Structures are given as C-alpha cells and as structure tokens.
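Note sheet for the following structure.
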Amino acid sequence: EAKRNGRNRYEHFTLEMDDLARSRRVIENDLRDAISGRQLKLYYQPITDGDEKGIIGYEALMRWHHPIKGLIMPNDFIPIAEETGLIHLLGAYALYEACREAASWEGDQSVSVNLSPLQFKNSSLVSVVEGALRESGLAPHRLEVEITESVLLDDTLGNIRTLQSLKALGVQIALDDFGTGYSSLSYLRSFPFDKIKIDKSFISDMGDSREALAIIRAITGMSRSLDIQITAEGVESSEQFARLREEGCTLFQGYLFGRPQPSELRLKTLE
Ligand code: C2E
Ligand code: MG
Ligand code: MG
Ligand code: MG
C-alpha cells in the first residue's frame, strides 16, 4: 500500500517535472521569437537626487509583451534566458536599445542597464558596450551598468579586468541589490564602484526592523569615506524617503518617484 502510494507520488512528481520542462521549452522558443519579433521593450524608472537636480537618470527594466500570455516580468524570463544562453542576445539588445533611446532624450540623464553575471563569461561584453555607445552616439558617462556582487565571486580577477575595461570606456559602474547574497564589505575595496544600490528589501523592512536600519547605516557610513553614491531602491513612502535621506542616501528610486514606463511616456512620471 505504502509502496504504491510512493510510486504514485513519484509518478506525479515526474509528470510535474515533465510539465515544467515542457513549459520552459515553450518559453525558450517563444523567447527566441520575442527577440526577433520586437516583443521585448525597455521601461524606464526615474532615479532622483530628491532635490534640485531632480531626475538624474533612469534604470532600464525589460518587459516582454507576449502575443498570447500578455505582459511577462523579468523575474519570469531572465532566469530562462540565462539557462538557455539567450541572455547574451537579450543583454546585447538591452544595451543597444537603452543607449539608442537615451541618446534621443532631451536632457542628459543617465541610463542604467542591468548586466547578468553570465554576460561576463562572454569575451565580447566590452565590445558590445563599445558598439552600443558608438552606434547611438551616447556620451559614455551617460551609460551606467548595474552588476551584482556574484560577478565578484567567481573569476574575480578576470571579471574585475572586464569592469576596468568598461570603466576605461567612461561607463559608470553600480553595484546592485547590495545587502543580499554574501555582501562582504570587502568587495567595495576590490573595485571603485560609482554607486551602490541598497536592495529594496532593506527599505521595506527599515520601518520595523532595527537590523535593516543598522545595515543601511553601515553602508552609508562606509560610502562617505569611500566617496561612493548610495541609491536607495524601492522607496514607496515619503516617510522612507525622509529617513533614508537623514541616513545619508544620496539617490532615490521607487514608486514614490515613478514607476517604470516606456521611453515615450517617461515625462508623465514627473506629474
Ligand atoms: P533590479 O535591477 O533590482 O530592479 C529593481 C526592481 O524593483 C524592478 O523590478 C523595479 O520595477 C522594482 N521596483 C522599483 N521601485 C519599486 C518600489 O517602489 N516597490 C517595489 N515593490 N518594487 C520596485 P522588475 O522590473 O520586475 O525587475 C526585476 C529584476 O529583473 C531587476 O531587479 C533585474 O535584476 C532584472 N532585470 C530587469 N531588466 C533586466 C535586463 O534588461 N537584463 C537583466 N540581466 N536583468 C534585468
Ligand atoms: Mg538594477
Ligand atoms: Mg536592484
Ligand atoms: Mg533586485
């Protein structure tokens, strides 16, 4: 009896695995079409100094407008792009498209593009960035790339060299989602980052977690001596904004200031 139960459960499990594998394959195929069929679009979310300069830049966040499934968010397709190697194509698309659109903006705001750690495994990353800048005519200092600390975890030396080459082009480098993962403060000595973005989980927790607040404080305290700008992400309330400012954050991003929008609608977020 128990045995049969076990077997059933096992069969059920393998069926579910089949389903999962099948739906992943479907998404993988669809994603190939998406790249060639203009279904991927970058949305831009404002980043502000919360003061005189106002909006100093925008983060480019990818959206997939699937012909049948509708809007698909990056957390539901970036991992599949990474597993299938499509991330290289998708990542190059993001760089070219973000630079092209930013070059058409009236102001001189920067544009931040997220890089997958896997893009560092491709030796052409630097030339892709160079190509995106050249083709768009965007001034290099207006492009910022966002990496996560996992890039510093493996092939540390090789990846730091790649970061140095990007920096040599004039591109700015931000460390994203800081505070999650391993988050050794010593990473900050291994490369001169222009910005650190504190992960939004700390911002949402800071109201009732002394630990979250303590970590925010440790990061801003250290940034002052290292001359790094600190961006708070996921700022949703004016209370959070005021507090983060007191704690020494210098840049702010979140629904309080604007949601990600297509390039042509960016200015609507200023209302
Ligand atoms: P991220 O780089 O940390 O981007 C910030 C995420 O927080 C975005 O989610 C943004 O929409 C969301 N967000 C911003 N303000 C708020 C707020 O006030 N409250 C809340 N609850 N959320 C806020 P999104 O657009 O779903 O992107 C998720 C992640 O997908 C990004 O996290 C990034 O890691 C990845 N991603 C997005 N576009 C790309 C891309 O072009 N390439 C790569 N490799 N990854 C991308
Ligand atoms: Mg980011
Ligand atoms: Mg982030
Ligand atoms: Mg994130």
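The values are calculated or read from the model by the stated rules, or taken from the named source; none is laboratory data. Since this is a predicted model, take the numbers as computed values, not measurements. Positions of Cβ are generated from backbone atoms using ideal geometry, with glycine treated the same way; all protein chains shown enter the neighbour counts. Note: areas computed on protein heavy atoms with side chains; ligands, DNA, RNA excluded. Shrake-Rupley method; radii C 1.70, N 1.55, O 1.52, S 1.80 Å.
What FRET efficiency comes out for Thr84 versus Thr180 if R0 is 25 angstrom and r is the Cβ-Cβ distance? Round to the nearest 0.05. The calculated FRET efficiency here is 0.55.
Every helix of 4 or more DSSP H residues in the chain counts as -39500 (n - 2.57), and over all residues that averages to -15000 deg cm²/dmol at 222 nm. Neighbours of Phe77, meaning other residues whose beta-carbon lies under 12 angstrom from its beta-carbon, give a summed charge of -1 when Lys and Arg score +1 and Asp and Glu score -1.
Segment Gln164..Val26, full-extension length gain: 45.9 nm, with 0.36 nm per residue of separation and the alpha-carbon distance subtracted. Rounded to the nearest 10 degrees, the angle from helix 156-168 to the longest Cα principal axis of the chain is 50 degrees. Between Leu157 and Ser201, the contour length at 0.36 nm per residue exceeds the alpha carbon distance by 12.9 nm. A simple spin-label model places the labels of Lys69 and Arg134 3.6 nm from each other, with each point 7 Å out along Cα-to-Cβ.
Rolling a 1.4 Å probe over the heavy atoms of the protein chains gives region 181-271 an accessible area of 55 Å² per residue. Between the Cα long axis of helix 87-103 and the first principal axis of the chain there is an angle of about 30°, rounded to the nearest 10.
For the listed residue pairs Lys121/Lys167; Lys121/Lys200; Lys53/Lys167, the alpha carbons are over 21 angstrom apart in Lys121/Lys200; Lys53/Lys167.
Over the chain, with every protein chain in place, what whole percent of the accessible area is carbon and sulfur at 1.4 Å, could you tell me?
Working: 7330 of 14560 Å².
Carbon-and-sulfur percentage of accessible area, whole number: 50.
Roughly how many Å is it from the Cα centre of region 202-217 to that of region 85-99, as a whole number? When both Cα centres are located, 34 Å separates them. Full extension of the segment from Leu15 to Asp76, taken as 0.36 nm per residue of separation minus the current Cα-Cα distance, would add 19.8 nm.
Its Cα centre serving as origin, the chain has a Cβ charge dipole (Lys and Arg +1, Asp and Glu -1) of approximately 500 debye.
Using the Cβ of Tyr93 as centre and a radius below 14 Å, the other residues enclosed give a net charge of +1, where K and R count +1 and D and E count -1.
With a probe of 1.4 Å, find how much accessible area region 1-151 has per residue, and write the answer as a whole number in Å². Show your work: numbers first, answer last.
Details: 8320 Å² over 151 residues.
Value for region 1-151: 55 Å² per residue.
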